[in-house]
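Note sheet for the following structure.
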Amino acid sequence: MSPADFVSPLHSQESDVLIIGAGPVGLFAVFELGLLGLKARLIDTLDRPGGQCAELYPEKPIYDIPGWPTITGQQLTDRLMEQAAPFEPEFRFNQRVESLTRRPDGRFQLVTDAGEVHVAPVVFIAAGAGSFTPRKPKVDGLEPYEGTAVFYAVRKRSDFEGRDLVIVGGGDSALDWTLDLLPDVKSLTLVHRRDKFRAAPHSVAAMEQAVAEGRMKFVMGELDGLEGAEGELTAVTIRNKAETTAIAADRLLTFFGLNIELGPIADWALDLEDGRQIRVDTEKFQTSTPGIFAIGDINAYPGKLKLILSGFHEGALAAQEAFRIARPDEKLRFQYTTSSSELQKRLKVA
Ligand SMILES: Cc1cc2nc3c(=O)[nH]c(=O)nc-3n(C[C@H](O)[C@H](O)[C@H](O)COP(=O)(O)OP(=O)(O)OC[C@H]3O[C@@H](n4cnc5c(N)ncnc54)[C@H](O)[C@@H]3O)c2cc1C
């Protein structure tokens, strides 16, 4: 799947549980909630699912996932997406959850930095080490263009359609978006400081073929400056050793890697340990606020191990309590997937 597959329109259907973070633990929680008949919506600052597994070590093998003697970070993400698919989770990518408050009707409200408002009776915080935020290029005068001509992620394809686009970067995000946006733009130039890339070889080969066919350009060098006025970008300048060249462009997209920061979670009036981890009980993995749960790397309790398998267990137990809150009039029954026709129907295998 490419990141473009995750830029989805906002659906209006209600969710039972809002999950902050689409890392491995948030993804598996979708499955556990789905088995109980609960619908989840996930919000993540990244442009794709997988959290640390997909962003920090997609090609590295993991050896301690039960039932998988070896599986890479990306493969695990793909398997978790496949396992969650029958429950049709809704994804909101490229958005950071900024605030979490309780409404007068008792439900929780999340507001993202894109201005979207999400409401549900239960919230799972599966935010890992915090939100990944893009590193900005070190050039002067970026601010007037940010969000109109200069972007660090793709939120709306329409921002780039019919434009003269320069993409800077040499990793998977830069290459994936180069190939995804190429058919829609007026012109596209990929800029990287060297002609070796950290991206998947098949993406590099596809980009090189597009260059050979004259459908786009590749320029070796580093971003040096921006030209334009009043928020209207007209060109970017690229430096390669002593030489500086200008490339006509009205859109710039840079992929310079990500920083991890706890971000706004620290302001949500939850009981924290060392100012970084959210304290939970070990029965339900609930925080100091009933209805808000914290699972995976973000939580703290005696004996906590920051392992993926611990987060899976935490999500399963939190889902039980989420059911009691979201369906107060229904009885929770313990069932096996192997023998319950009800669960198999939900899994779409029966
Ligand atoms: C190099 C490396 C190797 C590792 N190897 C192993 C291993 O072999 N075995 C193992 O079990 N574990 C391993 N780990 C640890 C493992 O990756 C983590 O335990 C796991 O990723 C935690 O999952 P998570 O879903 O809790 O959080 P994460 O994977 O960190 O995902 C959290 C997500 O939440 C999002 N987020 C945070 N705040 C917000 C917000 N305010 N709004 C929107 N989104 C937000 C983030 O963008 C992120 O995508 C390794 C980690 C690293 C770095």
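The values are calculated or read from the model by the stated rules, or taken from the named source; none is laboratory data. Source: prediction; values computed, not measured. A quick note on method: Cβ atoms are made from the backbone with ideal geometry, for glycine too, and the neighbour counts reach across all protein chains shown. Only protein heavy atoms, including side chains, enter the accessible area calculation; ligands, DNA and RNA are left aside. Shrake-Rupley method; radii C 1.70, N 1.55, O 1.52, S 1.80 Å.
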Rounded percent of accessible protein surface that carbon and sulfur make up, the stretch 64-149, 1.4 Å probe: 52
Dipole in debye (nearest 20) - the stretch 252-350, about Cα centre, beta carbon charges: Lys, Arg +1; Asp, Glu -1: 560
Phi to ³J(HN,Hα) by Karplus 6.51 cos²θ - 1.76 cosθ + 1.60 over the stretch 42-47, Hz, x for Gly, Pro: 10, 10, 9, 6, 6, 9
Listed pairs Lys136/Lys306; Lys60/Lys284; Lys39/Lys306; Lys196/Lys241 exceeding 22 Å between Cα atoms: Lys136/Lys306; Lys60/Lys284; Lys39/Lys306
The chain - charge dipole about Cα centre, Lys and Arg +1 at Cβ, Asp and Glu -1, debye rounded to 20: 640
Viscosity 0.890 mPa s, temperature 25 °C, Stokes-Einstein D of the stretch 271-348 from Kirkwood C-alpha radius, µm²/s: 177
Per-residue SASA entry for Arg92, accessible area with 1.4 Å probe, Å² rounded to 10: 20
